[in-house]
Structure formats: C-alpha cells, structure tokens
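Written out below as structure tokens is the structure these notes cover.
The values are calculated or read from the model by the stated rules, or taken from the named source; none is laboratory data. Bear in mind that the values here come from a model prediction, so they are computed numbers and not experimental data. Cβ sites come from the backbone with ideal geometry, for glycine too, and all protein chains shown count toward neighbours. Accessible surface areas use protein heavy atoms only, side chains included; no ligands, DNA or RNA. Shrake-Rupley method; radii C 1.70, N 1.55, O 1.52, S 1.80 Å.
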Amino acid sequence: MSAESTPGPGIPGPGTNATSHRRPRRAGRRALLVTAWTAAGILVLGGAGVGYLYFKLNGNLKTVDINQMLGTDRPTRVDDGSENILVLGSDTRSGANKKLGGGADDGSARSDTAMIIHIYKGHKKAAVVSVPRDTLIDRPSCTDARGTTHSAATGVMFNSAYSTGGAACAVKTVESMTGIRMDHYLEVDFSGFQKLIDELGGVRVSTTKAIDDRESHLDLKAGTHTLNGKQALGLVRTRHGVGDGSDLGRIQLQQAFVKALVDQIKQVGVFTSPKKLYDLADTATKAVTTDSDLGSVNSLIDFANGLKSIDSKNMRMATMPVEYDPSNPNRVIVAKAKAKLVWNALKNDRPIPASATKGTATGQAKGVVTSS
C-alpha cells in the first residue's frame, strides 16, 4: 500500500453521485494494468451478488484524492462520454512484495508499469498506450500526500515521478506530457496481481519461443501454457528472457498478456460458486488503490459496466513513441512529433493513426506471446 493511500470511504449516502464525471448522466493495469481491469471485470461478473458483501468489499478499497491534491492547474475535462485512466503498477520492495520483487526492502516504490487507457465515446472500444518507465522526461513541480512540494526536474526517468511524489505527481507528470486530463487513477502491486491471477485459475497463453529469465523467475518452453500467478508476474516483468532485453520488449509482452486476460475474464464461471465469487471480489478490491471518485464498490461497479462491452478485438495497443537516447542506450526519449499525434488523437476521441508509431523504437518481442 502506498504511503498516500487511505481506506476506502464508507457507503455513499442517499443522493451521492459516485459515478465517473465524464460518463453521461443516467438514472440509478510491468503490465499490472490487468489487475485493475480484472478487478473491474469481476465486480461486473458478480453483479447483484456483490451486494451482500458490500460492507466487507467497500472496506477493502484504498483511495487517494487526486483532485484535491492537484487542484485546478490541470487540463480541461472534456465531457463527451469518453474517459482517460492512468493505471500504474507499483514495484514497492517492502512487505509482501519483497519476496516477489527482490531488491532492497527500503519501503520505497516506483511505477514499474504505466498505461494510459482511453475509453472511446460509447464504451465499445479502447486504446491502451504504455509509457516506458525508462523514458527521460521533464517532470513538473508537484506536491505529495504529506504536503511536501518537489521542484521540477529535467531529464529524469518517467518512473521517478511516482517515487518522488506518489500518485498525484505521477498523474500530474502524465497530464503535463500529454495535455490530457486523467479522469481516474488505478494502482496495483506485485502481490495483489499474483493473488488475483491465482484466484482466476490462471491465464492461458501461447509462446512462440522459449522464455528463460532467472531475474523474473520465469522459465517457459515454446508452446501453450496456463500461467499461474507467479508465472504471470514473471511474464509481465521479464525483460532479459526475450527480445532485446529492453523495457520496450517487456511492454510488448505485457500488452499481449492484457489481451489474453481480457478475453478470459468473460469466460470466468463465477455464478456457479458463491465462494469463488467472494474470493475473486475480495482479492480484486484488496488489490487496487483508486482515485477517490472510484473509491467505493458502487463506483467500481458503475465504472466496470462501462468496460464490459470491450474485448481484445476492440483494444488498440500502442507504446508512447520513443527513440533510443543516443548518449545512453539504456534510456529512451520521447519522439515528440509522433507522440503529439497520439495525444491529439486521444484528446479528440479518434483512433491512433498508424503513422504515429511507425519507425519508432520497439523491443523486438512482438508476437512472442499470444492468446490461446
């Protein structure tokens, strides 16, 4: 749990509007994006069955008030029915994550994975844009949850925004880079991701070549596999076992895994077992930290209902256009002209043009993992 997280709010009182700001008014997630998406999906699959567990599940949620922390110095909210969500995977090395993630148990955390999800108007399609953690960017000044203000910095790695100022700083940095207002924030850590995959019964994927990476504890032969939580975590974290060993290759594996998981969620038979439904919902709500607008079960159900029509065929996966840094091959820099094409497309609720990502740096791991 990140330092700024707080327990989820209590049950909304009569008349409380906990729905997304940008959905039209009506009556009534290294590739850890998938945990956030799964958490939403499980709540939808459970439907009314989650209601009797409302008190328990609502108490599991952790929230951070992004709107209050950032104030009004943000891109304008566009009320057209589309939504933008920043999903971060936190690779804290403390607590339960120490065993899974390795590294120093210093209580620190970084954004190991970052994805910007754009849900198009009508909620039938989505674009998912991964932001490489090793991208050198200019970070704006930001204030963390303790009220400490951090000065702006130039030429720093993208994932340093989260380690410097937490969720609010990460959101502000993304909004500064893209000019796009983030309507929601979702965060998940190593242990929550692994538990949720195990509760789902694993995820079925095919690999076109062997992947062997001791650092991420992954050893897969070429072929079809049903990955358990430990293997799935290894897959979305590996960067040395396949491709060019870069973060860009890892992103390609993450995006393939997201598609496999999204398809599988629709096939989960939770209605046949009340215990399975409870275990999934309990794990899902414990796994994520959300912005305060999503910080109740009712809000998550409403949010998830807006995602349930989106399957992998209607998800456009892309990586923020980058180029290798000529002075440091272990870092990348933003390909500004092409990146602008991506952000302009999302701002105007249009598909990302193929020209935006053509000729940019890739990780040479595309096609290694596919849905089965």
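Filter the range 158-189 down to the residues that are in a helix (DSSP H, G or I) and among the charged types (D, E, K, R) and list them by number.
Lys172, Glu175
Please verify whether Thr283 is at pLDDT 85 or above, part of a strand (DSSP E or B) and closer than 22 Å to Lys195 by Cβ, treating the condition exactly as stated.
No; evaluated as a whole, the condition is false for this residue.
Suppose the filter is within 30 Å of Ser296 (Cβ to Cβ), of a type outside the set (A, V, I, L, M, F, W, C) and buried (at least 24 other Cβ atoms within 10 Å of the Cβ); does Gly201 pass it?
no
Would you check which residues across the range 331-343 are among the basic types (Lys, Arg) and outside any helix (DSSP H, G or I) and list them?
Of everything in the range 331-343, just one residue is among the basic types (Lys, Arg) and outside any helix (DSSP H, G or I), namely Arg331.
Being out of contact with any Leu (no Cβ under 8 Å at 6 or more places or on another chain), open to solvent by 70 Å² or more (accessible area, probe 1.4 Å) and under 21 Å from Gly81 (Cβ atoms), is that true of even one residue in the range 253-276?
Scanning the range 253-276, I find no residue that is out of contact with any Leu (no Cβ under 8 Å at 6 or more places or on another chain), open to solvent by 70 Å² or more (accessible area, probe 1.4 Å) and under 21 Å from Gly81 (Cβ atoms), so the answer is no.
Just checking, does the range 124-138 include any residue being surrounded by fewer than 16 Cβ atoms within 10 Å (Cβ to Cβ), in contact with a strand residue (DSSP E or B) (Cβ under 7 Å, 6 or more places away or on another chain) and modelled with pLDDT of 95 or more?
Within the range 124-138 (the criterion being surrounded by fewer than 16 Cβ atoms within 10 Å (Cβ to Cβ), in contact with a strand residue (DSSP E or B) (Cβ under 7 Å, 6 or more places away or on another chain) and modelled with pLDDT of 95 or more), the answer is yes, since at least one residue qualifies.
Yes or no, residue by residue, for (1) out of contact with any Phe, Trp or Tyr (no Cβ under 8 Å at 6 or more places or on another chain); (2) among the charged types (D, E, K, R); (3) buried (at least 23 other Cβ atoms within 10 Å of the Cβ):
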position: Pro140; (1), (2), (3): yes, no, no
position: Ala152; (1), (2), (3): yes, no, no
position: Gly155; (1), (2), (3): yes, no, no
position: Asn159; (1), (2), (3): yes, no, yes
position: Gly165; (1), (2), (3): yes, no, yes
position: Val171; (1), (2), (3): no, no, yes
position: His184; (1), (2), (3): no, no, yes
position: Asp219; (1), (2), (3): yes, yes, no
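With the requirement that a residue be open to solvent by less than 70 Å² (accessible area, probe 1.4 Å) and either at pLDDT 95 or above or closer than 14 Å to Phe158 by Cα (or both), what does the range 326-339 give you?
Arg331, Val332, Ile333, Val334, Ala335, Lys338, Ala339
Of everything in the range 301-316, what is more than 15 Å from the chain's Cα centre (by Cα) and within 20 Å of Asn58 (Cβ to Cβ)? Give them in sequence order.
Residues satisfying the conditions are Ile301, Asp302, Asn305, Gly306.
Of the numbered conditions (1) assigned to a loop (DSSP other than H, G, I, E, B); (2) modelled with pLDDT of 95 or more; (3) buried (at least 19 other Cβ atoms within 10 Å of the Cβ), Arg350 satisfies every one except a single condition; which is it?
Arg350 satisfies every listed condition except (3).
Quick test of your reading of the structure: Thr319 fulfils all but one of (1) modelled with pLDDT of 95 or more; (2) more than 19 Å from Leu253 (Cα to Cα); (3) within 21 Å of the chain's Cα centre (by Cα). Name the failing condition by number.
It is condition (2) that Thr319 fails.
I'm checking my understanding of the structure. Among residues of the range 209-228 that are among the hydroxyl-bearing types (Ser, Thr, Tyr) and in a strand (DSSP E or B), which one is farthest from Thr370 (Cα to Cα)?
Selected residue: Thr226.
Sort through Ile180, Ile211 and tell me the only one that's of a type in the set (A, V, I, L, M, F, W, C), open to solvent by less than 40 Å² (accessible area, probe 1.4 Å), more than 15 Å from the chain's Cα centre (by Cα) and under 26 Å from Gln364 (Cα atoms).
Only one candidate qualifies: Ile211.
So, in the range 142-157, how many residues would count as being modelled with pLDDT under 95 and in a loop (DSSP other than H, G, I, E, B)?
Looking only at that region, the number is 5.
Taking only the range 60-73 into account, find how many residues are surrounded by fewer than 14 Cβ atoms within 10 Å (Cβ to Cβ) and assigned to a helix (DSSP H, G or I).
Residues in the range 60-73 being surrounded by fewer than 14 Cβ atoms within 10 Å (Cβ to Cβ) and assigned to a helix (DSSP H, G or I): 1 in total.
Kindly provide the set of residues from the range 170-198 that are among the hydrophobic types (A, V, I, L, M, F, W, C) and at pLDDT 95 or above, ordered by number.
Selection gives Ala170, Val171, Val174, Met177, Ile180, Met182.
Using beta carbons and a limit of 7 Å, which pairs, at least six apart or on different chains, have the first residue in the range 348-372 and under 18 Å from Leu235 (Cβ atoms) and the second one assigned to a loop (DSSP other than H, G, I, E, B) and among the polar types (S, T, N, Q)?
Between residues of the range 348-372 that are under 18 Å from Leu235 (Cβ atoms) and residues that are assigned to a loop (DSSP other than H, G, I, E, B) and among the polar types (S, T, N, Q), the close pairs are Gly363/Ser246; Gly367/Thr208; Val368/Thr208.
Is there any pair linking a residue in the range 308-330 that is in a loop (DSSP other than H, G, I, E, B) to one that is charged (D, E, K, R) and at pLDDT 90 or above, with Cβ under 7 Å and at least six apart or on different chains, and which?
Close Cβ pairs satisfying both conditions: Ser309/Lys124; Ile310/Lys124; Ile310/Lys125; Pro321/Lys338.
Does any residue of the range 240-252 turn out to be open to solvent by 20 Å² or more (accessible area, probe 1.4 Å) and in a helix (DSSP H, G or I)?
yes
Say whether the condition of being within 26 Å of Glu323 (Cβ to Cβ) and aliphatic (A, V, I, L, M) is met by at least one residue in the range 207-230.
No, that holds for no residue.
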